[in-house]
1. Roll a 1.4 Å probe over the protein chains and send me the accessible area per residue for segment 131-174 in Å².
2. Report, to the nearest whole %, how much of the accessible area of segment 115-154 belongs to carbon and sulfur atoms, 1.4 Å probe, protein only.
3. Just want to confirm a number: the relative contact order over segment 68-191, from Cα pairs under 8 angstrom separated by 6+ residues, in percent.
Amino acid sequence: VRLRAGQGEDDAVVRPYRHGDDLRKVHWRSTARRDELMVRVEERPWRGGTTVLLDHRVHAHRGSGPTASLEWAISFVASICLHLHHFGHQVRLVSEDGRVLAGGSSDGGHSDHVVLDSLAALQASHRRELSAGIDPGAGQEVIAVLGGVSPASIEELIRYRPRGMRSLAVLLDVNAWAGGTDSSAPDPEDARRLLSGAGWGVAIARPSASMQQVWQELCASAGNRGPSVRSEVG
């Protein structure tokens with residue numbers, strides 16, 4: 001639930017109460033309407049765009065060919081970008097190391113073909129960990145599509161995305177793409193707990209679920225009710 005505070009002022013998000021929240025932030029109107037304790041959380045001003053982060057490390061994915069988890073992640077990112085473009089969002093596409101793939105100030109990134117061409121030419125990365133060393137969203141809203149990630153990588157990502165920045169993540173259960181036989185694959189539930197605890201909206205993707213189902217789960221986790229959430233992805 002979003003509140004517009006007025007031109008030139010910060011946005012605010014009204015979300016369910018979490019342990020440790022300041023009770024002075026309780027938003028009583030939303031609490032009464034939803035029959036659940038809700039709090040008002042101030043956010044940093046949004047710069048009018050969304051950064052979509054694609055984790056395309058070989059180490060983070062499983063499977064091969066068109067049914068590999070990496071191919072699913074690329075297709076899902078393409079769907080997100082086209083979906084956001086449809087609603088007039090400026091989209092900036094970056095890799096797991098913060099490298100801009102499309103959407104820079106001068107590359108015409110606010111178009112479907114630039115993003116799709118970039119994804120079609122993308123080569124898998126051989127990095128072992130997420131390691132941008134900066135906020136990958138550059139102050140914008142972030143939607144991260146991640147393969148198998150270690151707790152250290154998640155903590156590094158959280159470090160540069162403080163609570164209050166709008167942040168969402170789709171975590172691929174890459175062991176499911178390996179048929180459940182890869183004991184070395186990170187458990188996405190561990191990453192979910194870390195990200196959720198830092199205020200991120202999180203969904204877990206498995207090959208048995210459609211992209212639309214994953215998107216709806218992600219939107220529900222964020223408590224977002226904007227027009228883009230009501231439309232289909234995929």
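The values are calculated or read from the model by the stated rules, or taken from the named source; none is laboratory data. This is a predicted model, so every value here is computed, not measured. Note: areas computed on protein heavy atoms with side chains; ligands, DNA, RNA excluded. Shrake-Rupley method; radii C 1.70, N 1.55, O 1.52, S 1.80 Å.
1. That works out to 30 Å² per residue.
2. 54 percent
3. For segment 68-191, the relative contact order is 22 percent.
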